[in-house]
1. If you consider only alpha-carbon coordinates, what radius of gyration and Dmax does the range 19-92 have, in Å?
2. Keeping all protein chains in the complex and leaving out DNA, RNA and ligands, what accessible area do you get for I74 with a 1.4 Å probe, in Å² to the nearest 10?
3. Given a Förster radius of 22 Å and the C-beta distance between A51 and M1 as r, what FRET efficiency does 1/(1 + (r/R0)^6) yield to the nearest 0.05?
4. Say we join alpha carbon atoms closer than 10 Å with springs in a Gaussian network model of the chain; which of F106, F241, F226 then has the biggest fluctuation?
5. Between the helical axis of 202-215 and the dominant principal axis of the chain, each derived from Cα atoms, what acute angle in degrees is found, rounded to the nearest 10?
6. Accessible area per residue of the chain at 1.4 Å probe, in Å²?
7. Once every DSSP H run of n ≥ 4 in the chain is given -39500 (n - 2.57) and the sum is divided by its residues, what mean residue ellipticity at 222 nm do you get, rounded to the nearest 500 deg cm²/dmol?
8. Could you work out which residue, out of A85, A182, A159, moves most in a Gaussian network model of the chain, that is, has the largest mean-square fluctuation with Cα springs under 10 Å?
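The values are calculated or read from the model by the stated rules, or taken from the named source; none is laboratory data. As the structure is a computational prediction, the values presented were derived from the model and not from experiment. Note that each Cβ is placed from the backbone with ideal geometry, even for glycine, and that neighbours are counted across all protein chains shown. The area values use the complete protein model at the heavy-atom level, side chains included, leaving out ligands, DNA and RNA. Shrake-Rupley method; radii C 1.70, N 1.55, O 1.52, S 1.80 Å.
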Amino acid sequence: MLIKVINPNTTASMTEKIGDCARTVAAVGTTIDAVNPAMGPASIESHYDEALAVPGLLDEIAKGERERVDGYVIACFGDPGLDAARELARGPVVAIAEAAMRTATFLGRSFSVVTTLGRTAGRAWDLAAHYGVKDFCRNVRACEIPVLDLEIPGSAARAVITAECARAVAEDGCDVIVLGCARMADLTADISRRIGAPVVDGVAAATATVQALVSMGLRTSVRSEFARPLPKQMVGLLAGFTLDEPVAVNGGRVATAGPDGARIGS
Ligand code: 2AL
């Protein structure tokens, strides 16, 4: 089984760490291909960053379709481009906020999210509502640490995040912690041991979920909303994203040539 884990920001060192975390839950016979797009923001911590990360992400999905990828993980806690990716991919696509929040609901009555900047908290609340788990979410707490600070060796980030998780348990009374950034994935075991509560990292949760869905032979329904987008021309900088009529292979969900013969991601 081939699972493509896409870090939608363009920071390669972060992609490497995300791949390592995904591999901790990969079964024998599962290959993890961890990638980041060639274009887009270095980190995603605003709506602007998120919007501009989506074309690069979709480009990686289209390349994955040509590489016969079985399923995808979107490894950013804003879940950018998730619905569009589901329209393009043959196999299941799971993003980390959705996976982490749903996983947390299996482990207790409530969770709090501990994330990077306060400005991303609104998005986390919106996603909790969108996924139907807002009643489980006690709080979204920010550490006011920019994403790329998590890349700095020896920074205080680890201690700040751990302290915020401890406060979440004490003050929110939550049963479970959800970490609100893909780059926090390697902190889970250590924080869990220190605070005495389960800590869910979305990269592991999403990878394990995709692996389970693929092994059950399940994929995104194409009967209505997530059917392949209607073919239409794209112009300007997005001309390479023009979709053509799908070629009917395995249910007809393939990335196809545009009118000029260009392919998304080529
Ligand atoms: C993230 C994340 O997971 N990756 C990224 O670039 N930004 N999330 C966040 N809350 O800042």
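1. 12.6, 39
2. I74 has an accessible surface of roughly 0 Å² with all protein chains in place.
3. 0.10
4. Looking only at F106, F241, F226, the largest GNM fluctuation is found for F106.
5. Roughly 50 degrees between the two axes.
6. 44 Å²
7. -10500 deg cm²/dmol
8. Ranking A85, A182, A159 by mean-square fluctuation puts A159 first.
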